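What follows is a single structure, written as C-alpha cells, with notes after it.
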Amino acid sequence: MLKVEFDEDRCKGCELCTEVCPKHIVIMAEHLNAMGYHPAIVLEQEKCISCGFCARMCPDVAITVRKEGGKDD
C-alpha cells in the first residue's frame, strides 16, 4: 500500500513538498503532467514515515498521506 499519493495532474511543480520532506524522498518527476509541469513523486515509498509535512505544505491539495494501521490499510 502506498503511504503517500500524489495527484500528478493537480501538481504545479512548486517544489514546496520536496523542501519539507525530512527523508528527502519527494522529487520532481522528469515527465510532464496534463498542465505541463513536472509533478512531485516519491520513488522510495518504503522510506516514507507518513509525517504528512508534504500534504500540509501543498497549496493545491494534491497529496494524500496514509498512516500505517489506519482504516485504509
Among all lysine pairs in the chain that are eight or more places apart or on different chains, how many have alpha carbons less than 14 angstrom apart?
6
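Please report, in debye to the nearest 20, how large the charge dipole of the chain is about its Cα centre when each Lys and Arg carries +1 at its beta carbon and each Asp and Glu carries -1 there.
260 debye
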Could you give the length gained on full extension between D9 and V61, defined as 0.36 nm per residue of separation minus the Cα-Cα distance, in nm?
17.6 nm
Hey, if you drop one equal point scatterer on each alpha-carbon of the chain and run the Debye formula without solvent, what base-10 log of I(q)/I(0) do you get at q = 0.27 Å⁻¹?
-1.30
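Bear in mind these aren't lab numbers, they're just calculated from the coordinates by the rules spelled out. Everything numeric in this text was worked out from a predicted model, so none of it was measured. Every residue, glycine as well, gets a Cβ built from its backbone with ideal geometry; the counts of neighbours run over all protein chains shown.
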